[in-house]
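The values are calculated or read from the model by the stated rules, or taken from the named source; none is laboratory data. Small disclaimer: the values here were computed from a predicted structure and weren't measured. Using ideal geometry, Cβ is built from the backbone for each residue, glycine included, and neighbour counts are taken over all protein chains shown. These area figures cover heavy atoms from the full protein model, side chains too; ligands, DNA and RNA do not enter into them. Shrake-Rupley method; radii C 1.70, N 1.55, O 1.52, S 1.80 Å.
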Amino acid sequence: DTDEDTIPDAWELTHFGDIKTADAKSNADTDLLSDLEEYLADTDPRDPLDVFRITSLARGGDTPDWTRIDWLGRDTRSYALEQRPALGPDAWKEIWVSPAAGISNAEFKEPSEQNFYRVRAFRPLSK
């Protein structure tokens, strides 16, 4: 990271052709994610339609507390599912971490009727 903007030079060169255009706060495609967040999610920083998001949430199934959440995942990323009971100052609690890269859903038991969820993308450790 020659320019010390927390985005690897190779990624910047691939997507922008230089290491000066993108930084942690820039947003080339003017969507809701910064170019740093696009790097972390492995989405295209020049395409506002290439987004990382939750695509479905299902409750019920075989038992009332069964919950499934799906998101747009990438083979190059691992994911952690986080929850909190209300929007506001409460901290997010990690409730699930993908056992391998590329997994794009989680199933779990959730007895509470209301929670807020988010999925955090991260680069898996290289072997």
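How large, in percent, is the carbon and sulfur part of the accessible surface of the stretch 1-106 at a probe radius of 1.4 Å?
C and S atoms contribute 55 percent here.
Got a sec to turn the phi values of the stretch 3-16 into Karplus ³J(HN,Hα) couplings, 6.51 cos²θ - 1.76 cosθ + 1.60 with θ = phi - 60°, whole Hz, x for Gly and Pro?
Rounded to whole hertz, the list is 8, 6, 9, 6, 10, x, 4, 4, 5, 4, 5, 5, 8, 10.
Using Cα pairs closer than 8 Å and at least 6 residues apart in sequence, work out the relative contact order for the chain, in percent.
This gives 19 percent for the chain.
Enumerate the aspartates and glutamates that Lys93 could reach by cross-link, defined here as Cα to Cα under 17 Å, with residues fewer than 8 away along the same chain left out.
Those aspartates and glutamates meeting the cut-off are Glu82, Glu107, Glu110, Glu113.
Helix-only mean residue ellipticity at 222 nm, the chain, DSSP H runs n ≥ 4 weighted -39,500 (n - 2.57), per residue, nearest 500. What is it?
Dividing the helical sum by the residues of the chain leaves -3000 deg cm²/dmol.
How about the stretch 56-111: which trypsin sites (Lys or Arg not before Pro) there are in a DSSP loop, with at most 16 other Cβ atoms within 10 Å of their Cβ?
Here the sparse-neighbourhood loop sites are Arg74.
Going by amide H atoms built from the backbone, whose H comes under 5 Å of the H on Ala28, apart from near neighbours?
Close amide H contacts, sequence-distant or interchain: Asp35.
Taking 2.2 N^0.38 Å as the expected size of a compact globular protein, what ratio does the Cα radius of gyration of the stretch 32-97 give against it, to two decimals?
Taking the Cα Rg and dividing by 2.2 N^0.38 Å, one obtains 1.33.
Find the Rg to Rh ratio for the chain, where Rh is the Kirkwood radius over alpha-carbon pairs and Rg uses the same atoms.
Rg/Rh for the chain comes to 1.03.
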